[in-house]
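Report on the following structure.
The values are calculated or read from the model by the stated rules, or taken from the named source; none is laboratory data. These numbers were taken from a predicted model, which means no experiment stands behind them. Backbone-built Cβ (ideal geometry, glycine too); neighbour counts: all protein chains shown. We work out accessible area using only protein heavy atoms, side chains counted, and drop any ligands, DNA or RNA first. Shrake-Rupley method; radii C 1.70, N 1.55, O 1.52, S 1.80 Å.
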Amino acid sequence: MWIMTVHAKNNITMFEFETEIEAKAAFRRTQGCKFLTQVIYFNDDYLVETTIL
């Protein structure tokens, strides 16, 4: 998951994206002070190493 945070005058807005491609496209289109963050959950399957004994 990707989160874009946009700071504009007296307002902070956050947008959530499923893919890196759509997040970066929106980031390029958005003006103002902005941050793009990838959220990683430690219980995601691709982060877990499985060992069969």
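Please go through segment 1-14 and pick out each residue that is closer than 11 Å to Phe35 by Cβ and open to solvent by 60 Å² or more (accessible area, probe 1.4 Å).
His7, Ile12, Met14
Which residues, counting only those in segment 7-44, are part of a helix (DSSP H, G or I) and not small (Gly, Ala, Ser)? Before you say what the answer is, go through the steps one by one.
Looking only at segment 7-44, we keep the residues that are part of a helix (DSSP H, G or I), and these are 20-29.
Result: Glu20, Ile21, Glu22, Lys24, Phe27, Arg28, Arg29.
Only one of Thr19, Thr30 is at pLDDT 85 or above, surrounded by 12 or more Cβ atoms within 10 Å (Cβ to Cβ) and polar (S, T, N, Q). Can you tell me which? Even if it seems obvious, please write down each step before you answer.
Working: Thr19 fails: surrounded by 12 or more Cβ atoms within 10 Å (Cβ to Cβ).
Going through Thr19, Thr30 in turn, the sole match is Thr30.
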